[in-house]
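The values are calculated or read from the model by the stated rules, or taken from the named source; none is laboratory data. All values derive from a computational prediction rather than experimental measurement. Cβ placement follows ideal geometry from the backbone for every residue including glycine, while neighbour counts extend to all protein chains displayed. All accessible areas refer to the heavy atoms of the entire protein, side chains included, with ligands and DNA or RNA removed. Shrake-Rupley method; radii C 1.70, N 1.55, O 1.52, S 1.80 Å.
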Amino acid sequence: MSVEPLRKLEDNMNQDISTSATSGMDKMRVVGGVKLNGDIKISGAKNAALKHMCASLLTDEPFILKNMPVTLRDVATLSQVLEALGVQINLDKENSVATLHAKKITSHIAPYELVRKMRASILVLGPLLARQHIAHVSLPGGCALGARPVDLHLKGFEAMGATIELEDGYVKATAPDGGLKGADITFPLVSVGATENLMMAATLANGETILRNAAREPEIVDQGEALIKMGAKIEGLGTSEIHIQGVQKLSGTMHSVIPDRIETGTYMCAVGLCGGELHLKNTRLDFLSALISPLKEAGMFIEQNGDDIIVRRNGAKIKGVDIMTEAYPGLATDLQAQFMTMLTLCDGAGMISETIFENRFMHVPELIRMGANITVKGNSAIIRGVEKLKGAEVMATDLRASVALVLAGLVAEGETIINRIYHLDRGYENIVDKLTAVGAQIERIK
Ligand code: EPZ
């Protein structure tokens, strides 16, 4: 079948999701004006953790994940999806360990009421198809970043011999007799999720799969390394050409999730905005080269010190710089909103071009309400530095936009109330405690 109609259908679904996602009435209250000083421990990467969880479907043995951001809402949501498929899950919050055991897969259906809460659920499709040879997965929802189709995933599975039907909003996929077949797949554009989904599926396929123009994000390398520990044969991780030789069976393993580079970068931008010195514990600078250069150009001090990163801005305002989001190793789209917030108080002006998602400037009107001077034209924004931001009541629209508004609140004069912070709970562990410990005045209110 052709997967083109999916674009339209998913558009409609995503609209439903973004307008109906109103549960959770908590708000955040931030009083601005303090410098940030002290230590923040960085959590395991959400966007690696979720993919590891899906990979647990590939083996009937336990998969133990350390440094897991177990308190994130996305982890809880995906746990529900996986439990519906038969995976036994234990989340140890005290030790940040998750144990997932897919001894027997009891269902091949990932239902709409669970999948709609989180788009990453589409990543159960590859593992289910590889191990069970059948998967019915509702088309995903997620945050309001535009259309975000999954056509590349589906075309890849078709190339591996799967039959894909679209029925009642579900992708119904069936592998050929004897299972998926290796294929030579060239992605027309770089997709993190499609690379991961197909890499997982290919580990148990017959023969070799080659993924060309593959994504190179550290989270994909981390996932591939865990799969290799499970017995998968993968070469080329971290490059745009990944070769996977299918094997009969994968075993369980223990793996430590890489640090969250987006959380790390978020707190770096917070220092750029508020000033002070943070020691970001247990994280890696090498994942953030594309962020470090503009931050240094803007006048910040950043240095790796063992497992920590020291980030400092004292005195002078940051200078205006220009950035463009790109697939890794370029600057992450997931840091764009935070970077923009930092630029609102810059000396001069900076320009941001967003090349990954068409609808990722939704924080702009909220920042303008707080006094920022931002002009958007197409996929570019010009941010002219202003003297100060002023506290206001604002609305979070997606995960990274939410945290950008928290950052704005940290520096704004007076009080900022951020509504719809359930977005924040999806991806930032203990953000109130972490920021309070370094001097911020921030609290969750009803
Ligand atoms: C991942 O989303 C991340 N999510 C996103 O993080 C991140 O913003 C994004 O990669 C880009 O880095 C997770 O890892 C769970 P893509 P993903 O497939 O995999 C288009 C956050 O805040 N595309 O790389 O969904 C797509 O519309 C989140 O933590 C197709 O056209 O992103 C986009 O324009 C939000 N067809 C571009 O490719 C497809 O089949 C890149 O998307 C797939 C993607």
* To do: Could you look through the stretch 199-225, keep only residues that are away from the ligand (no atom under 16 Å from the Cβ) and open to solvent by 10 Å² or more (accessible area, probe 1.4 Å), and pick out the one that is nearest to the chain's Cα centre (by Cα)?
  => Glu225
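Listed here are the residues, each with its yes/no results for (1) in contact (Cβ under 8 Å) with a residue 12 or more places away in the chain; (2) buried (at least 22 other Cβ atoms within 10 Å of the Cβ); (3) more than 16 Å from the ligand (Cβ to nearest atom).
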| position | (1), (2), (3) |
| --- | --- |
| Ala404 | yes, yes, no |
| Gly409 | yes, yes, yes |
| Glu413 | yes, no, yes |
| Asn419 | yes, no, yes |
| Gly439 | yes, no, yes |
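Test His243 against the stated conditions and say whether it is in a strand (DSSP E or B) and either basic (Lys, Arg) or open to solvent by less than 40 Å² (accessible area, probe 1.4 Å) (or both).
No, not satisfied.
Suppose the filter is under 27 Å from Val257 (Cβ atoms), within 18 Å of the chain's Cα centre (by Cα) and either within 15 Å of the ligand (Cβ to nearest atom) or in contact (Cβ under 8 Å) with a residue 12 or more places away in the chain (or both); does Ile310 pass it? Reasoning before the result, please.
On the way: under 27 Å from Val257 (Cβ atoms): yes; within 18 Å of the chain's Cα centre (by Cα): no; either within 15 Å of the ligand (Cβ to nearest atom) or in contact (Cβ under 8 Å) with a residue 12 or more places away in the chain (or both): yes.
No, not satisfied.
Would you be able to say whether some residue in the stretch 35-44 is more than 24 Å from the chain's Cα centre (by Cα) and either at positive phi or not in a strand (DSSP E or B) (or both)? Break it down stepwise before answering.
At the first step, the residues of the stretch 35-44 found to be more than 24 Å from the chain's Cα centre (by Cα) are 35-38.
Among the residues that remain, those that are also either at positive phi or not in a strand (DSSP E or B) (or both) are: 35, 38.
Within the stretch 35-44, one or more residues are more than 24 Å from the chain's Cα centre (by Cα) and either at positive phi or not in a strand (DSSP E or B) (or both).
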* Any residue in the stretch 26-43 that's over 18 Å from Leu424 (Cβ atoms): show its pairings with residues that are hydroxyl-bearing (Ser, Thr, Tyr) at Cβ separation under 7 Å, as long as the two are six or more apart or on different chains. => none
* Within the stretch 366-393, considering residues that are more than 15 Å from the ligand (Cβ to nearest atom) and under 23 Å from the mean Cα position of the chain (by Cα), the one surrounded by the most Cβ atoms within 10 Å (Cβ to Cβ) -> Leu367
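Which residues, counting only those in the stretch 112-139, are touching a Ser or Thr at 6+ places or on another chain (Cβ under 6 Å) and open to solvent by 10 Å² or more (accessible area, probe 1.4 Å)? Before the answer, list the steps.
Going through the stretch 112-139, the residues touching a Ser or Thr at 6+ places or on another chain (Cβ under 6 Å) turn out to be 112, 115, 117-118, 134.
Tyr112, Lys117, Ile134, listed by residue number.
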* **Condition check for Met254: over 30 Å from Ile40 (Cα atoms) and over 20 Å from the mean Cα position of the chain (by Cα)** => no
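Given the stretch 81-189, what helices (runs of 4 or more DSSP H) lie entirely inside it while holding 2 or more residues that are away from the ligand (no atom under 16 Å from the Cβ) and hydroxyl-bearing (Ser, Thr, Tyr)? Walk me through how you get there before you give the answer.
On the way: elements: 112-115, 125-132, 151-159.
So the answer is none; nothing clears 2.
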* Asked: From the list Leu154, Leu166, which residue is within 22 Å of Pro111 (Cβ to Cβ) and either open to solvent by less than 30 Å² (accessible area, probe 1.4 Å) or modelled with pLDDT of 95 or more (or both)?
  -> Leu154
* To do: Give just the number: which of (1) open to solvent by less than 10 Å² (accessible area, probe 1.4 Å); (2) of a type outside the set (Val, Ile, Thr); (3) touching a strand residue (DSSP E or B) at 6+ places or on another chain (Cβ under 6 Å) does Gln338 not satisfy?
  => (3)
* **Subset tally (residues that are over 15 Å from Pro218 (Cβ atoms) and open to solvent by less than 20 Å² (accessible area, probe 1.4 Å)) for the stretch 285-304** => 5
* Working only within the stretch 230-240, note down all residues that are surrounded by 15 or more Cβ atoms within 10 Å (Cβ to Cβ) and in contact with a strand residue (DSSP E or B) (Cβ under 8 Å, 6 or more places away or on another chain). => Met230, Ala232, Ile234, Gly236, Ser240
* Asked: Within the stretch 4-42, how many residues are within 13 Å of the ligand (Cβ to nearest atom) and modelled with pLDDT of 95 or more?
  -> 0
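Residue-wise test of (1) crowded, with 17+ Cβ neighbours inside 10 Å; (2) touching an Asp or Glu at 6+ places or on another chain (Cβ under 7 Å); (3) of a type outside the set (Ser, Thr, Tyr).
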position	(1), (2), (3)
Gly306	no, no, yes
Lys319	yes, yes, yes
Ile323	yes, no, yes
Glu326	no, no, yes
Leu331	yes, no, yes
* Asked: Going by the conditions given, is Glu443 among the acidic types (Asp, Glu), within 22 Å of Gly38 (Cβ to Cβ), in contact (Cβ under 8 Å) with a residue 40 or more places away in the chain and open to solvent by 20 Å² or more (accessible area, probe 1.4 Å)?
  -> yes
* To do: Return the total of residues in the stretch 45-80 being under 29 Å from Asp433 (Cα atoms) and either in contact with a His (Cβ under 6 Å, 6 or more places away or on another chain) or assigned to a strand (DSSP E or B) (or both).
  => 3
* Within the stretch 421-437, can you find the residues that are out of contact with any strand residue (DSSP E or B) (no Cβ under 7 Å at 6 or more places or on another chain) and open to solvent by 30 Å² or more (accessible area, probe 1.4 Å)? -> Asp425, Asn430, Asp433
